[in-house]
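See structure below.
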Amino acid sequence: MRTLEGRVALVAGASRGMGQGIAVELGAAGAFVYLLGRTAGAVGDGRTDTLSHTLAVLEGLGGAGQVVTCDCTDPIRLGAIIEQVEERHGRLDIVVNSVFSTPTFPGMIVKRIWETPDDLWHTVVEVPGRAAYFTTARAAPLMMRSATEAAPGLIVNVSGRGALGYRYNTAYGVGKSALARLTSDTALELRPHHVAVLSVWPNGYAADPSRPETPRYTGRAVAAIAADPNRMARSGSHVWSAEAGAEYGFTDEFGHAHEISTLTDQYTLA
């Protein structure tokens with residue numbers, strides 16, 4: 001169902017992971033999607049972690065969008081992109097902040113604060129936090145002009161359970177907590193202007209452990225919330241992807257459902 005027909009969306013961090021899955025599902029639901037990220041790639045290059053691949057998948061599902069190469073931590077570049085969006089469409093309805101930079105050390109592993117490399121703070125706190133802050137700041141004026149009480153705008157920050165308890169390492173938790181606070185504070189500021197701000201939290205549990213939650217499942221959560229006429233009521237909240245799946249009745253790519261995550265599997269230090 002093309003429940004977002006006529007909407008204009010912008011996804012920061014759309015080349016891979018959650019951002020890619022969200023961009024694909026927004027496009028499949030009918031929104032025109034601006035795909036922002038640093039890696040444009042090229043169709044047929046064999047890579048799946050590029051904006052071009054995201055666009056190809058999105059178009060294969062009947063969607064439409066545009067690749068925009070961008071360092072999403074650069075407020076000047078972001079401002080120029082928002083101006084282009086306004087010139088072409090005159091509006092902006094949905095913004096998703098999903099920028100995440102991969103750490104230089106292998107994987108998101110458990111490390112104490114004195115054991116982690118110095119650049120980890122920049123990677124998992126500064127980069128996603130700065131990108132979400134400035135993307136929101138530059139997009140907000142156009143979103144406020146586009147939104148009405150009957151058709152609120154929507155900003156979604158991709159966070160996670162690291163905001164609730166210890167997971168991986170201290171820097172990871174600080175980064176996720178920063179996005180959670182950005183969500184609650186901007187929700188307060190934008191509520192009078194009919195723009196909802198919320199965060200989605202992936203990491204549900206599949207009935208079949210061999211089929212973990214996919215990025216497109218989170219994308220379906222965002223698309224469902226964006227199509228909900230009562231989305232303003234969620235502003236300031238943090239929504240598990242699986243919670244949205246249960247409420248709106250969608251499943252993951254292969255037809256399986258997930259359960260809402262708990263903190264029972266938080267990593268602990270021996």
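The values are calculated or read from the model by the stated rules, or taken from the named source; none is laboratory data. Here the structure is a predicted model, which is why all the values come from computation and not from measurement. No Cβ is skipped: glycine too gets one built from the backbone with ideal geometry, and neighbour counts run over all protein chains shown.
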(Q) Take the conditions surrounded by fewer than 23 Cβ atoms within 10 Å (Cβ to Cβ), at pLDDT 95 or above and among the β-branched types (Val, Ile, Thr) and apply them to residue 148. Does it pass? (A) yes
**Q.** Per-region count, the stretch 80-93, residues loosely packed, with under 15 Cβ neighbours inside 10 Å and either in contact (Cβ under 8 Å) with a residue 40 or more places away in the chain or not basic (Lys, Arg) (or both)
**A.** 5
Q: Of the numbered conditions (1) at pLDDT 95 or above; (2) farther than 18 Å from residue 92 by Cα, residue 227 fails exactly one; give the number of that condition.
A: (2)
Q: Go through the stretch 58-79 and count every residue that is within 27 Å of residue 229 (Cα to Cα) and surrounded by fewer than 19 Cβ atoms within 10 Å (Cβ to Cβ).
A: 5
Q) Do we find that residue 58 is farther than 20 Å from residue 100 by Cα and among the hydrophobic types (A, V, I, L, M, F, W, C) in this structure? A) yes
Q. Can you name the strands (runs of 3 or more DSSP E) wholly within the stretch 15-123 that have at least 2 residues being farther than 20 Å from residue 155 by Cβ and either modelled with pLDDT of 95 or more or not aliphatic (A, V, I, L, M) (or both)?
A. 64-69
Q. Between a first residue in the stretch 128-144 that is within 20 Å of residue 89 (Cβ to Cβ) and a second residue that is among the charged types (D, E, K, R) and part of a helix (DSSP H, G or I), which pairs have beta carbons less than 8 Å apart while being 6 or more apart in sequence or on different chains?
A. 142/86
Q: Any chance you could count how many residues in the stretch 190-211 are out of contact with any helix residue (DSSP H, G or I) (no Cβ under 6 Å at 6 or more places or on another chain) and at pLDDT 95 or above?
A: 4
Q) For the stretch 151-163, how many residues are out of contact with any His (no Cβ under 9 Å at 6 or more places or on another chain) and surrounded by fewer than 21 Cβ atoms within 10 Å (Cβ to Cβ)? A) 1
Q) Scanning the stretch 154-189 for residues that are modelled with pLDDT of 95 or more and more than 18 Å from the chain's Cα centre (by Cα), which turns out nearest to residue 257 (Cα to Cα)? A) 188
Q.
One residue is enough: does the stretch 187-195 have a residue meeting the conditions among the hydrophobic types (A, V, I, L, M, F, W, C), touching a Gly at 6+ places or on another chain (Cβ under 9 Å), assigned to a helix (DSSP H, G or I) and under 17 Å from residue 98 (Cβ atoms)?
A. no
